[in-house]
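Peer 1: There's a structure below that I have some questions on.
The values are calculated or read from the model by the stated rules, or taken from the named source; none is laboratory data. What you are looking at is a predicted structure, and each value in this text was computed from that prediction instead of being measured. When we count neighbours, we look across all protein chains shown, and the Cβ atoms used for this are built from the backbone with ideal geometry, even at glycine. Surface accessibility is based on the protein's heavy atoms, side chains included, excluding ligands, DNA and RNA. Shrake-Rupley method; radii C 1.70, N 1.55, O 1.52, S 1.80 Å.
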Amino acid sequence: MRQFTTGDLNKQIGDVTDVASREPVILTRHNKPRFVLMSYEHYQRMRSGGDPRRAHHISEMPGEHADLFDEAIERLARGESYDDEP
């Protein structure tokens, strides 16, 4: 996670918010972490617990993920790569 000082935020707000649009940013004051700046979408995912990067045990995997997983396994079994169009 990138870090900026609160002074950086005042001087370079465009640069800081640009980074925060892609990943959370730590804002420090007197060399201590004080705040985290992140996109609203990232904040919403955190609050809802709906982060799409969540790992699932196969028995708990949502149906649509299991279908995608099965399709990918079948493509690999046929010798196709991940990037090959179905």
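Peer 1: Can you check what the net charge comes to around Thr5, using other residues whose Cβ is under 15 Å from the Cβ of Thr5 (Lys, Arg +1; Asp, Glu -1)?
Peer 2: Once all neighbours under 15 Å are counted, the net charge is +3.
Peer 1: So, one more: Long-range amide H contacts for Thr5: which residues qualify at under 5 Å (H placed 1.01 Å from N, peptide plane, sequence gap of 5 or more or a different chain)?
Peer 2: Excluding prolines and chain starts, which carry no amide H, the hits are Thr28.
Peer 1: On a 1.4 Å probe surface of the protein chains, which of Arg75, Arg47 comes out largest in accessible area, and what is the full order? Please report the intermediate quantities before stating the final value.
Peer 2: On the way: Arg75 40, Arg47 170 Å².
The ranking, largest first, comes out as Arg47, Arg75.
Peer 1: Let me ask another. Amide H to amide H, which residues 5 or more places from Val36 or on other chains are under 5 Å from it, using H placed in the peptide plane?
Peer 2: Leu27
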